[in-house]
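Chemist: I have a structure here, written as structure tokens, and I will follow up with some questions on it.
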Amino acid sequence: MNKKFISIIWWYHKQIFSFDKKQNYHMLPIEAMQEEWFECEIFAIDSQVKIEDDPNFIAGTKVIYYKWFLDYLIYLFKNRNAIIYSNSLTIKTLLVWIIWKKTVFMAHDQVFPLENKKIKQLIVKFFYRFFSFIRVINKWESELLNKLNINNKILPLSISDNFLNTDFINRRWWIFIWNLYADKNPEFLIIVMKEIIKKYPDFILKIAWEDRYNKNWLKFSDIINNEWLSKNILILWFIPHNRLKNLLSESLIYINTSISEWQCLAVYEASLSGCILCLQNILSFPSVLWKNALYHSIEDELIKNIDTILKWNFDYININKENQKMILEKYNYDYIKSETKKMFLQLN
């Protein structure tokens, strides 16, 4: 019987096409399992692109595009002896449990939905119990699942070492956040920026990637204009990774205000690029970075952290160096690929 590995992917999008090979988290498991002589397939649900056009696409991989729900269930049943890797938190990807065989689940958000999403949290906890194990990125997430007797494996994503920059001196006062939508908490930034520019009128916040925010029929760009902040907050929209490296390498501060994150590769890209980190105090970050970042839960804390950095930024050079060393060791591509193989092969 042929050995088969299937990766079930929800919403494969254009941004992945700009990833370096070492950071393409969808192709790494495929490459790892091909090296172990597995027949590999991708089952794509609601893909935004033709996956075969990905510059890092692994030749010999079969891609199946979702059409009908019944076809999906039939596909799962026919492949019940395969190793199935299901990722992204949707009902369709959680339904992989029905084959009750060799299944691994990976959410690209925090291990459980937010506390205010009680019903979704209960559904996820129920489904997680039926997977062989859940892939998590740090010890704290693992401990949450252990308390519920849910099997899990700690394994982060890999980061491209091409982001590495050790010039910490010649940097501008720019800060970054990722795609804008409600869980990213972008209105937090409006309050912060109003206070920061009273003392630093030339302070600029550059927001990389897309404005997906919508509140009372307003995009975030509309809110910026209404608050007279368009000179200090710039939305850059989608930034390919080759440009992002340069922008991060010129930046002094990276900021994250999200209330819901699983790993957030942008934080680790920014750290490797030499940025000082100002992060929301949620599970994803202190569990990995510990004291090597500044944390905030309310606007006043972030305002204070930014002011401290702008006054004493040279004090953070050694902290940056410690973060970079940790990322290069822990998020190394070859190491993560090797551990990925072990993770899946223990199911076979």
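Read-outs: derived from the displayed coordinates by stated rules, not from any lab. Just so it is clear, the structure is predicted and the values come from calculations on it, not from any experiment. Don't worry about glycine lacking a Cβ; one is built from the backbone with ideal geometry, like all the others, and counts go over all protein chains shown.
Chemist: So which residue, out of I298, I175, I119, gets the largest mean-square fluctuation from a GNM of the chain using Cα contacts under 10 Å as springs?
Modeler: Per the Cα network of the chain with a 10 Å cutoff, I119 tops the list.
Chemist: Continuing with the same structure: May I ask you to sort W100, W173, W11 by Cβ crowding, counting other Cβ atoms within 10 Å and putting the fewest first?
Modeler: Fewest-to-most ranking of W100, W173, W11: W100, W11, W173.
Chemist: Sticking with this structure for a sec: Antiparallel DSSP bridges in the chain: what percent, to the nearest 5?
Modeler: Roughly 5 percent of the DSSP beta bridges within the chain come out antiparallel.
Chemist: What does DSSP give for the range 161-329 in terms of the percent of beta bridges that are antiparallel, rounded to the nearest 5? Don't jump to the answer; show the numbers that get you there.
Modeler: Values: 2 of 17 bridges.
So the antiparallel bridges in the range 161-329 amount to around 10 percent.
Chemist: What ranking do C275, C40 get, fewest neighbouring Cβ atoms within 10 angstrom at the top?
Modeler: Ascending Cβ contact count within 10 Å gives the list C40, C275.
Chemist: Which of the peptides 127-135, 252-260 is most tightly packed, and how do the rest follow, judged by the mean count of other Cβ atoms within 10 Å per residue?
Modeler: Packing order, densest peptide first, comes out as 252-260, 127-135.
Chemist: Show me the GluC sites (Glu not before Pro) within the range 99-204 that DSSP assigns to loop and that have at most 10 other Cβ atoms within 10 Å of their Cβ. Provide the component values of the computation, followed by the final result.
Modeler: On the way: sites: E115, E141, E143, E187, E195; in loops: E115.
The qualifying sites are E115.
Chemist: Between I309, I319, Y268, whose Cα lies farthest towards the positive end of the dipole of the range 161-329 when Lys and Arg beta carbons carry +1 and Asp and Glu beta carbons carry -1, centred on the Cα centre?
Modeler: I309
Chemist: Counting other beta carbons within 10 Å of each residue's own, what order do S18, S271, S230 fall into, fewest first?
Modeler: Listing S18, S271, S230 from fewest to most nearby Cβ atoms yields S230, S18, S271.
Chemist: While we're looking at this one, here's another question. Counting only the backbone N, which residues of the range 95-128 are under 13 Å from the spot 7 Å out from the Cα of R212 toward its beta-carbon?
Modeler: Under cut-off, by backbone N: 108-109.
Chemist: Another question, then. Computed over the Cα atoms of the range 1-79, what is the ratio Rg over Rh, Rh following Kirkwood? Could you put the intermediate results ahead of the total?
Modeler: On the way: Rg = 12.6 Å, Rh = 13.1 Å.
Reported Rg/Rh, Kirkwood definition of Rh: 0.96.
Chemist: Taking a ≥ b ≥ c as the square roots of the Cα gyration tensor eigenvalues, with a/c under 1.5 meaning rounded and otherwise prolate when a/b beats b/c, else oblate, which class fits the chain?
Modeler: In terms of gyration-tensor shape, prolate.
Chemist: If you don't mind, there's one more thing I want to ask. Using the Cα centre as the reference, give the magnitude of the dipole from point charges on the C-beta atoms of the range 161-329 (Lys, Arg: +1; Asp, Glu: -1; all else neutral), rounded to the nearest 20 debye.
Modeler: Details: 18 positive and 20 negative charges, 60 e Å.
In debye, rounded to 20, the range 161-329 gives about 280.
Chemist: Can you tell me how the range 138-270 classifies by the Cα gyration tensor, rounded, prolate or oblate, using a/c under 1.5 as the rounded cut? Kindly include the intermediate steps, with their values, before the conclusion.
Modeler: On the way: a/c = 2.16, a/b = 1.38, b/c = 1.57.
It comes out oblate by the Cα gyration axes.
Chemist: Moving on to the next point. For the range 102-177, count all C-alpha to C-alpha pairs, find those more than 21 Å apart, and express that count as a whole percent of the total.
Modeler: 43
Chemist: Follow-up question, since we're still on this one. Please give the contour-minus-distance gain from N313 to Q121: 0.36 nm per residue of separation, less the Cα-Cα distance, rounded to one decimal in nm. Each step should come with its number before you reach the end.
Modeler: Working: separation 192, 0.36 × 192 = 69.12 nm, distance 4.01 nm.
Gain on extension, N313 to Q121, equals 65.1 nm.
Chemist: Continuing with the same structure: What is the local net charge at K215, summed over the other residues whose Cβ is closer than 14 Å to its Cβ (Lys, Arg +1; Asp, Glu -1)?
Modeler: Working: positive: K184, R212, K219; negative: D183, E187, D211, D222, E227.
Here the count lands on -2.
Chemist: Pick out, from I9, Y128, A107, the residue whose Cα sits farthest towards the positive end of the charge dipole of the chain, with +1 on the Cβ of Lys and Arg and -1 on the Cβ of Asp and Glu.
Modeler: Positive-end residue among those listed: Y128.
Chemist: Please work out the C-alpha center-to-center distance from the range 98-148 to the range 8-50 and express it in whole Å.
Modeler: The range 98-148 and the range 8-50 have Cα centres separated by 21 Å.
Chemist: Cα centroids of the range 279-348 and the range 149-186: how far apart, whole angstrom?
Modeler: Between the Cα centres of the range 279-348 and the range 149-186 lies a distance of 8 Å.
Chemist: Treating each Cα of the range 234-278 as an identical point scatterer and ignoring solvent, apply the Debye formula and state log10 I(q)/I(0) at q = 0.25, 0.29 Å⁻¹.
Modeler: One equal scatterer on each Cα of the range 234-278 leads to -1.02, -1.21.
Chemist: If I stretch the segment between E39 and N146 completely, what's the gain in nm (0.36 nm per residue apart, minus their alpha carbon distance), one decimal?
Modeler: So the chain would gain 35.3 nm between E39 and N146.
Chemist: Which ³J(HN,Hα) values in Hz, rounded to whole numbers, follow from the phi angles of the range 257-265 under the Karplus curve 6.51 cos²θ - 1.76 cosθ + 1.60, where θ = phi - 60° and Gly and Pro get x?
Modeler: With the stated coefficients, the range 257-265 comes to 10, 5, 9, 8, 9, 9, 10, 6, 4 Hz.
Chemist: Report the charge-dipole magnitude of the chain in Debye, nearest 20, computed about the Cα centre from +1 at each Lys and Arg Cβ and -1 at each Asp and Glu Cβ.
Modeler: That gives the chain a dipole magnitude of about 840 debye.
Chemist: Could you tell me which of N151, F238, N165 has its Cα farthest along the dipole of the chain towards the positive end, charges placed at Cβ (Lys, Arg +1; Asp, Glu -1), taken about the Cα centre?
Modeler: N151
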